[in-house]
Amino acid sequence: MSTLFPNATLRERAPFRYDIVGSFLRPERLKKARQQCACGELPVEELHKVEDEEVLALIAKEKAVGLPNVTDGEFRRTWWHLDFLFELSGVELVEAQSYSTQFQTHMSPVTLKIIDKIEFPQNHPFVAHFKALQTEADGYPTKFTIPSPSMIHLITCVRTENPQLPERYAGNEAQLLADVTQAYIDAANALYAAGCRILQLDDTSWGEFCSQDKRAGYAARGLDLDAIAKSYVKVLNDIRAAIPADMALTMHICRGNFRSTWSSSGGYEPVAEILFGGCHVDGFFLEYDSERAGDFKPLRFIKDQQVVLGLVTSKFGELEDRNVLIERIKEAAQYVDINQLCLSPQCGFASTEHGNELTEEDQWKKLALIRSVVEEVWGSK
């Protein structure tokens, strides 16, 4: 029993009181194997063998640090979002003709283009990736992460000026969003059939919509962000309604996480009523590790969703003060019941294969700290 909150209880369903966003720093052996494979020096089959072995080692560490669900660390992908999205039918990865980096560190100049009807193919490689994780976890609860459906529209129709869409979608945004919705329903059902019961949607669109600078820039182009936000919530709610009830569906909101840099800044107030008040996902993983995310007041719009407070940064190795973390949880509990709050890192430790500016030892210390704080606030088994 918690001495801080007498009514606080642990939680047996995802999101858990002690949780993670999903990605982990890639081991040097894996980085080397991926580079060798890209250069034609290592067969793909050998790369997959290295991936399997490193995921097995990661899962053992995740279990050792007491996580209630484990991930594959996103070890089998390069980007947190593009690897999934460009494998959808009707979407391809293309070289960006012109772009400005959103980060302090230069990223690869690639983007997505819609060329045909968007569908989820049954041979999508992420289904095999999940099956491998399920086998490697050997009965332990697993969580799988994929980019949110809004990312397709954000990349191709919001960030991209004068988007060039195929005939099916030209002047018909409703059809585009309907096809994206169905593609994600099919994806969730395929993963469910493979055994997935915890699915997380990673999303940077809401981080952009929180930024006053970006809102002003989009408005200047004639975009109605509130209308777009409502359409994104409808997509998410339609997906939630169509997939099995015992599949936990959560969403992680991020303001950028490439090599410890960020791309957006601003509190949740501009989107809180639309998103927190209207979206039916089971839980929100919310970035709250710096002043860029604002205060907890927007949480007043939360209904019955769980809120996973990302109070511990994944960007740098310095360990947070546990007393400060506990005080911030108390502050958040003024707006959301303590039994709707959880704790996690602010983001993954490696949203891309490059990883953030901290060590593997640092990431495990961060998780050990989160576990100890959770045990003090909510109790332990």
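The values are calculated or read from the model by the stated rules, or taken from the named source; none is laboratory data. Small disclaimer: the values here were computed from a predicted structure and weren't measured. Ideal geometry is used to build each Cβ from the backbone, glycine not excepted, and the neighbour counts take in all protein chains shown. For accessibility, only protein heavy atoms count, side chains too; no ligands or nucleic acids. Shrake-Rupley method; radii C 1.70, N 1.55, O 1.52, S 1.80 Å.
Just from its helices, what would the mean residue ellipticity at 222 nm be for the chain, if runs of 4 or more DSSP H residues each count -39500 (n - 2.57) and the sum is divided by every residue, rounded to the nearest 500 deg cm²/dmol?
Values: 12 runs with 147 residues, N = 381.
Result for the chain: -12000 deg cm²/dmol, rounded to the nearest 500.
Classify segment 151-289 as rounded, prolate or oblate from the Cα gyration tensor: take a ≥ b ≥ c as the square roots of its eigenvalues, call it rounded if a/c is under 1.5, otherwise prolate when a/b beats b/c and oblate if not. Mind dumping the intermediate values first?
Numbers: a/c = 1.79, a/b = 1.19, b/c = 1.50.
Note, shape of segment 151-289 comes out oblate.
Strictly over 30 Å apart at the Cα level, which of 63/131; 63/214; 117/315; 31/230 would you flag in this model?
Flagged as over cut-off: 63/214; 117/315; 31/230.
Report, in whole Å, the centroid distance computed from the Cα atoms of segment 187-209 and segment 52-73.
With segment 187-209 and segment 52-73 each reduced to a Cα centre, they are spaced 19 Å.
If the reach is capped at under 12 angstrom between alpha carbons, list the aspartates and glutamates near residue 303, excluding any in the same chain fewer than eight residues apart.
Straight-line reach from residue 303, under 12 Å: 273, 282, 337.
If we restrict to alpha carbons, what Rg and Dmax does the chain come to, in Å?
19.9, 61
Quick one: compute the contact order of the chain, relative version, from alpha carbon pairs under 8 angstrom and 6+ residues apart, as a percent.
Relative contact order, the chain: 23 percent.
Rank 306, 200, 212 by mean-square fluctuation in a GNM of the chain with C-alpha springs under 10 angstrom and give only the top-ranked residue.
212
Pull up the DSSP beta bridges for the chain and report the antiparallel fraction as a percent, rounded to 5.
20 percent
Please give the contour-minus-distance gain from residue 123 to residue 324: 0.36 nm per residue of separation, less the Cα-Cα distance, rounded to one decimal in nm.
67.7 nm
Place a label point 7 angstrom from the Cα of residue 87 along the Cα-to-Cβ direction, then list the residues of segment 114-132 whose backbone nitrogen is under 15 Å away.
Residues 119-132 fall inside that zone.
Within the chain, what whole-number % of the accessible surface is contributed by carbon and sulfur, with the 1.4 Å probe and all protein chains included in the calculation?
Its accessible area is 48 percent carbon and sulfur atoms.
Within the chain, what's the longest stretch lacking GluC sites (Glu not before Pro) that sit in DSSP loops with no more than 13 other Cβ atoms inside 10 Å? List each step's numbers first, then the result.
Values: sites that count: 12, 41, 161, 167, 318.
With GluC sites (Glu not before Pro) excluded where exposed in loops, the chain gives 168-317 as its longest stretch.
How far, in nm, would the chain grow between residue 361 and residue 4 when pulled straight, counting 0.36 nm per residue and subtracting the alpha carbon separation?
Numbers: separation 357, 0.36 × 357 = 128.52 nm, distance 2.96 nm.
Between residue 361 and residue 4, full extension yields 125.6 nm more.
Label points 7 Å out from Cα along the Cβ direction at residue 96 and residue 138: separation in nm?
Here the modelled spin labels are 4.3 nm apart.
Mind checking which of 139, 217, 66 has the largest fluctuation in a GNM of the chain, springs on alpha carbons under 10 Å?
Looking only at 139, 217, 66, the largest GNM fluctuation is found for 139.
Evaluate the distance, in nm, between pseudo-label points positioned 7 Å from the Cα of residue 164 and of residue 194 along their respective Cα→Cβ axes.
Distance between label points: 3.3 nm.
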